[in-house]
């Protein structure tokens with residue numbers, strides 16, 4: 001039987017003495033994702049034990065001086081800056097954790113690579129594939145560790161699915177069916193925000209939600225070969241801060257049919273116009289030997305059906321599996337079975353993985369996404385926009 005911990009974050013060896021090195025963290029951005037990343041880092045020293053490294057909160061950067069100072073106090077950063085260049089000039093910063101908006105990824109990430117800083121950057125890596133390629137090239141040239149924060153790779157249940165696929169237990173994959181649905185802009189009175197502005201966000205639902213399920217498809221199923229897509233913007237104008245109407249320049253929803261290199265077919269859908277759906281990230285895989293279904297809103301569970309696993313035809317069907325045993329991915333770091341973890345813990349897993357890669361010179365891939373994965377993800381995002389714009393099938397070319 002294969003080791004159930006292969007590919008999972010496990011810290012062992014001399015660091016069990018508690019002499020883990022410190023890594024100086026410089027964070028760009030301090031809102032939603034900044035809070036999630038800091039929360040994840042703070043758990044590493046005592047939960048991902050023994051840790052590969054101890055994150056030291058050196059400095060945080062943001063445009064608003066009062067807000068960034070308050071963020072530094074709240075999170076525990078030693079210093080704050082209103083210019084990200086000063087953050088990168090800080091000699092105590094070894095790692096850039098880029099949690100800024102999408103238009104603040106390219107220039108800071110390239111500069112950080114040139115300065116020899118390791119980088120973990122929020123998704124999507126860039127607004128376009130061209131931007132992502134520039135960041136990837138800079139990181140490779142600098143020889144630094146680089147990771148894109150596709151945190152759903154670090155859900156224990158998702159990692160278990162990956163293990164089952166890699167072990168051949170599912171056999172040939174036929175279908176990958178994924179949806180990521182939210183409701184937060186369905187109200188026509190919801191105001192204009194940066195995520196609805198293509199100059200800042202690059203795309204709408206495609207980059208915000210779709211990039212996650214595209215990444216899970218590449219991670220679990222393989223490379224996409226071609227796709228056909230449709231996008232829609234349901235509310236073309238929204239009120240800005242001054243009360244005047246501003247044009248929405250991104251997609252509100254998309255749907256795509258995807259062909260994968262291994263012969264599997266996929267359907268991908270994302271929308272922020274689904275009343276009642278809070279963070280409904282789901283996928284189903286149908287394969288030669290059975291099917292698996294996952295729902296992020298019930299992230300400690302999988303629904304599994306094995307074609308040859310049931311003996312009573314009257315009760316054959318999907319079985320709910322609680323992914324919380326000590327031998328399941330990541331669970332040796334947490335609680336007894338049935339004492340669940342949540343969305344926030346995926347950040348602890350992914351950041352511990354990245355710090356382990358830095359300190360112990362381990363590869364970031366295949367279980368985390370690096371800047372090459374971020375680039376390939378953006379190529380597919382761009383292809384969705386191209387297909388929808390031209391109403392035709394688009395081949396994926398990296």
> How would you rank 37, 328, 308, going from fewest to most other Cβ atoms within 10 Å of each one's own Cβ?
Replying inline: 308, 328, 37
> Roughly speaking, what is the stretch gain from residue 319 to residue 289, that is 0.36 nm per residue apart minus the C-alpha to C-alpha distance, in nm to one decimal?
Replying inline: 9.4 nm
>> Compute a Gaussian network model of the chain, connecting alpha carbons closer than 10 Å, and tell me which residue from 118, 289, 212 fluctuates the most.
In response: 289
> Between region 261-340 and region 76-108, what is the C-alpha centre distance in whole Å?
Replying inline: 37 Å
> Over the chain, what is the mean sequence separation of C-alpha contacts under 8 Å (at least six apart), divided by residue count, expressed as relative contact order in percent?
Replying inline: 20 percent
>> Can you tell me which of 24, 309, 263 moves the most in a GNM of the chain? Springs connect C-alpha atoms under 10 Å apart.
In response: 309
>> Run the helix sum for the chain: -39,500 (n - 2.57) per DSSP H stretch of 4+ residues, divided by residue count, reported at 222 nm to the nearest 500 deg cm²/dmol.
In response: -9000 deg cm²/dmol
> Taking the chain as a Gaussian network, where each spring joins two C-alpha atoms under 10 Å apart, which residue of 270, 130, 53 fluctuates the most?
Replying inline: 130
>> Normalised radius of gyration for region 343-398, please: alpha carbon Rg relative to 2.2 N^0.38 Å, two decimal places.
In response: 1.58
>> Given an 8 Å cut-off on Cα distances and at least 6 residues of separation, report the relative contact order of region 13-151 as a percent.
In response: 22 percent
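Where both partners of a DSSP beta bridge lie in the chain, what percent of those bridges are antiparallel, to the nearest 5?
If we restrict to bridges inside the chain, about 60 percent are antiparallel.
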> Taking a temperature of 37 °C and a viscosity of 0.692 mPa s, what whole-number D in µm²/s does Stokes-Einstein yield for region 194-294 with Rh from Kirkwood over alpha carbon pairs?
Replying inline: 216 µm²/s
> For region 13-151, rounded, prolate or oblate, judged on the Cα gyration tensor with a ≥ b ≥ c (square roots of eigenvalues), a/c < 1.5 rounded, else prolate if a/b > b/c?
Replying inline: oblate
>> Tell me the label only: which of (i) 96, 25, 14; (ii) 32, 29, 20; (iii) 35, 26, 19 is semi-axes √(5λ) of the Cα gyration tensor in Å as calculated from this structure?
In response: (ii)
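No value in this document is a laboratory result; all are computed from the given coordinates. Predicted model only: the values in this text are computed from it and were never measured. Reconstructed Cβ throughout: ideal geometry from the backbone, glycine too, with neighbour counts over all protein chains shown.
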